Amino acid sequence: MPRIMCSVKNCMYQEKSECRASSIQVKPSTEDLITSVTDDTACQTFRPRNAMIEDI
């Protein structure tokens with residue numbers, strides 16, 4: 001599996017600066033789904049660490 005670097009410390013999949021999700025989905029954050037800059041993208045796989053506790 002490729003290494004995906006991640007610095008979002010409050011994501012349940014982030015561990016030691018890497019994403020440990022089995023798969024990821026990244027989408028443009030713009031309405032027209034077209035982007036030309038990194039800042040207009042968003043990880044759709046993100047789940048807050050506390051979501052695991054709240055889902056129980």
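Of note:
- Residue check, residue 11 in contact with a Pro (Cβ under 8 Å, 6 or more places away or on another chain), surrounded by 10 or more Cβ atoms within 10 Å (Cβ to Cβ) and of a type in the set (A, V, I, L, M, F, W, C): yes
- Among the residues of the stretch 16-31, those identified as surrounded by 11 or more Cβ atoms within 10 Å (Cβ to Cβ) and of a type in the set (D, E, K, R) are 18, 20, 27.
- Hits in the stretch 1-42 (condition: under 13 Å from the mean Cα position of the chain (by Cα) and among the aliphatic types (A, V, I, L, M)): 4, 5, 8, 12, 21, 24, 26, 42
- Filtered by the rule that a residue be in a loop (DSSP other than H, G, I, E, B) and surrounded by 12 or more Cβ atoms within 10 Å (Cβ to Cβ), the stretch 34-51 gives 35, 45, 46, 47, 49.
- Counted residues, the stretch 7-33 - those being closer than 14 Å to residue 46 by Cβ and outside any strand (DSSP E or B): 12
Values in this text are rule-based calculations from the coordinates and carry no lab data. Only a predicted model underlies this, so the values are computations on that prediction, with no experimental measurement involved. Cβ coordinates were reconstructed from backbone atoms using ideal geometry, including for glycine residues, and neighbour counts include every protein chain displayed.
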